[in-house]
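Derivation of every value follows stated rules applied to the coordinates shown; laboratory data play no part. Just so it is clear, the structure is predicted and the values come from calculations on it, not from any experiment. For neighbour counting, all protein chains shown are included, and Cβ atoms are generated from backbone atoms with ideal geometry for every residue, glycine included.
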Amino acid sequence: MQSAMRLALARTLNHIFSKASATLMVATFAMASLQVSAESDEDNSGEKFIDLGYFGTVTGDIELGFLFIGGNTDAKGWRVNTEMVHELEYFRNRYNVYGRVQENRVRNSTTNEVSRITSAKRYGFSGQSNYKFLTGTQTVFGRGAYAYDMFGAFRQQGSAVVGYANRVYERQSDYLDLETGPGMSYQESAAGNTNRGLVWFLALNLEQTLYKGSRFRQTFEGSVSLDGENSVFISRSTLTSQVNGRMSMRMSFIARHNSRPEGRLKTMDTETAASLVYSF
């Protein structure tokens, strides 16, 4: 009986991974089309990276999550997140792009008509470049970020920041970065009201190996308004476990806090997800 259950579970997982692999191959072929003579390698810590020769090294991953609900409730959606770190002799560049869309199928109990409504639509991106000076652990950085949320407390949020960062801990591929500096922000509320002002940026980035093939990452970003307007705080917690080769499973929890949303909107938005991850 147990053998039959293990066999059925193995077949189910194999079916899921084969579907996801087809999607992930598209991203892989897109990278190959750049015709960059880069080969995957490993450093002394065993971490895989793409060697670009004179142009440094690149590491990153593509995260895909899907939602399908049937029966009395009919919903579908997807979540994507990709992050890339470009390491050079004097610069460390980090790029992040993410998005989430969800649609629900709703039946009108009076007319019995069925319609689809978008219940979640969120996307954003950020880019940061750190210039290494004195030692490789201390850097100055410039950072830009933009976020759109159809149903959030704020429809649009953007910022541009410059500051100082220090890698206070580093051991092989594990590290702890602390960052701080001034900047400018732009926000558009759900009601369409806009404001611009000065902010002070604070960030913490921690990545730690728990055991072989499993990593924990915690990031925290805060943009504290210096004009008494809305302050934004974002916390991301992820646990990634290797499945096979470059494929992994990831559990993530994201919390976004806006200190002064308009009306009766809540100050906190949270998102919990399980996703497939392809690392490069």
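What's the local net charge at His86, with K and R +1, D and E -1, over the other residues with C-beta under 10 Å away?
Charge balance in the 10 Å sphere: +1.
Using a Förster radius of 22 Å, what is the FRET efficiency between Phe91 and Asp51 based on their Cβ-Cβ separation? Nearest 0.05, please.
With R0 = 22 Å, the Cβ-Cβ based efficiency is 0.85.
By count of other Cβ within 10 Å, fewest leading, how are Lys212, Lys132 ordered?
Lys212, Lys132
Going by the alpha-carbon gyration tensor, a ≥ b ≥ c the square roots of its eigenvalues, is the range 61-279 rounded (a/c under 1.5) or, if a/c is not under 1.5, prolate (a/b greater than b/c) versus oblate?
oblate
Test of understanding: ordering Thr272, Thr110, Thr137 by Cβ neighbours within 10 Å, fewest first, what list do you get?
Least to most surrounded, the residues fall as Thr110, Thr272, Thr137.
Mind giving me the FRET efficiency for Gln172 and Ala255? R0 is 35 Å, r the Cβ-Cβ distance, nearest 0.05 is fine.
Efficiency, from the Cβ-Cβ distance: 0.75.
Mind giving me the nanometre distance, one decimal, between the label points for Val224 and Thr180, set 7 Å out from Cα along Cα→Cβ?
According to this spin-label approximation, the distance is 0.8 nm.
How much net charge surrounds Val106 when only other residues with a Cβ under 14 Å from its Cβ are counted (Lys, Arg +1; Asp, Glu -1)?
Result for the neighbourhood of Val106: +1.
Using only alpha carbon pairs under 8 Å that are at least six residues apart, calculate the relative contact order of the range 115-242 and give it in whole percent.
Over the range 115-242, the number comes to 15 percent.
Please report the net charge: other residues with Cβ closer than 14 Å to the Cβ of Asn193, K and R +1, D and E -1.
Its environment carries a net charge of 0.
Let's test the formula: R0 of 41 Å, r as the Cβ-Cβ distance of Glu113 and Trp200. What FRET efficiency results, to the nearest 0.05?
For Glu113 and Trp200, the calculated efficiency is 0.20.
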